[in-house]
Amino acid sequence: MKALILGKRGQVAQELVENLPKKVKAIAFGRDDIDITDAQELENAIIALQIDVIINAAAYTAVDKAESDERNAFLINETAVLQMAKVASKLNKRFIHISTDFVFDGSKAAPYLVDDVPNPLNVYGTSKLGGEKAIKEHCPENSAIVRTSWLYSKHGNNFVKTMLRLLQEKDELNIVADQVGSPTSAKGLAEFLWGLADQKVIDPIYHYSDLGVASWYDFAVAIQDIAFEAGLLNKQIPVKPIPSDCYPTPARRPKFSTLLNSGEGLHWRKALHETLMVIKK
């Protein structure tokens, strides 16, 4: 099997490459390698490279910036996905696309199911939902949308790496405590995606996150506790819970966006511990 990974600079794409199954060959493309909004360019590359599976890890993920940069958010999260879906369907290639918990509004009191009705609160979530709709319309067969949440890894910019920096620099931190979800290791997601790539029959939508729930405050406290114990931090500081109202952001965020998991992930604390040990090395 030969896979094309799109979005090579992102943390999911890097984990896909690093956790490549033995029987899979893969090539990763970024913005300098291919224009993902150009259907003909995508088609030519897939044919030339003899690709069997397309995994779209490319996304506009700057949630707050998207509020004032709507055009680019929709260009990457909807328009490009539409082109990918059309090409995958035309060439009869398996298409796996990563989406987000932010397609939901957070008003539910229980974990979201794959067939719950989306209702995004912000431009980012709306643009990602647009990508989902494009896949359902143009590539309903042999495709899978994988919604995930609160991704982090040793790569790139994410909450874990930001917290490690701030915990070292600051004397105390105030962290939002009334937004609840499931922190998810990009490594675990990558392994789940490779499983789907090789599966004979796939469902249209999956939810994948690490197990358990946490607020951003819970997540930050766990990062400090584990990192200090591991020697990644040389001090501990007060981490205080605050309501979202005390930390206004351009984009509204769901208060509860936990997904009912389709896979067999680790508990988020165990996955966090594993990632911090990798960062320590």
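Annotations
- Stretch gain in nm, segment Tyr247-Lys136, where the contour uses 0.36 nm per residue and the Cα spacing is subtracted: 36.3 nm
- Computed E for Val114/Lys235 - FRET, C-beta separation, R0 45 angstrom, nearest 0.05: 0.55
- Förster radius 45 Å - calculated FRET efficiency between Asn174 and Ile47 (Cβ-Cβ, nearest 0.05): 0.30
- Taking 0.36 nm per residue of separation and subtracting the current Cα-Cα distance, fully stretching the chain between Asp38 and Asn92 would add 17.6 nm.
- For the chain, the longest principal axis of the C-alpha atoms and the axis of helix 39-49 are separated by about 80°.
- Gyration tensor (alpha-carbon) shape descriptor, region 63-137, a/c threshold 1.5: oblate
- Each Cα pair under 8 Å and six or more residues apart adds its sequence gap; the mean of these over the residue count of region 161-217 is a relative contact order of 52 percent.
- Label point at Thr162 placed 7 Å out along Cα→Cβ; residues across region 230-255 whose backbone nitrogen lies under 20 Å: 233, 237-255
- Table column - 3J(HN,Hα) (Hz), region 122-133, Karplus curve with 6.51, -1.76, 1.60, x for Gly and Pro: 9, 4, 4, x, 5, 5, 5, 5, x, x, 4, 5
- Considering only the chain, percent of DSSP beta bridges that pair antiparallel, nearest 5: 5
- With the highest mean first, a sort of the peptides 187-199, 28-40 on other beta-carbon atoms found within 10 angstrom per residue produces 187-199, 28-40.
- Under 11 Å from the Lys25 label point (7 Å along Cα→beta-carbon), backbone N, region 45-84: 49-52
- Kirkwood hydrodynamic radius of the chain, Cα pairs, Å: 19.3
- Solvent-accessible area assigned to carbon and sulfur over the chain amounts to 50 percent, based on a 1.4 Å probe.
- The C-alpha atoms of the chain define a longest principal axis, and helix 216-230 lies at about 80 degrees to it.
- Degrees, to the nearest 10: 80-91 long Cα axis against longest axis of the chain: 40
- Using C-alpha pairs under 8 Å with a sequence gap of at least 6, the mean separation divided by the residue count of the chain gives a relative contact order of 22 percent.
- 222 nm mean residue ellipticity, helices alone, for the chain (DSSP H n ≥ 4; -39,500 (n - 2.57); rounded to 500): -11500 deg cm²/dmol
- Distance violations [Cα-Cα > 21 Å] among Lys161/Lys270; Lys8/Lys161; Lys235/Lys255; Lys2/Lys86; Lys161/Lys235; Lys90/Lys133: Lys235/Lys255
- Global form of region 176-281, assessed from the alpha-carbon gyration tensor, a/c cut-off 1.5: oblate
The values are calculated or read from the model by the stated rules, or taken from the named source; none is laboratory data. These numbers were taken from a predicted model, which means no experiment stands behind them. Glycine gets a Cβ as well: all are built from the backbone with ideal geometry, and neighbour counts include every protein chain shown. For the accessible areas, the whole protein counts, side chains as well, though only heavy atoms, and no ligand, DNA or RNA atoms are used. Shrake-Rupley method; radii C 1.70, N 1.55, O 1.52, S 1.80 Å.
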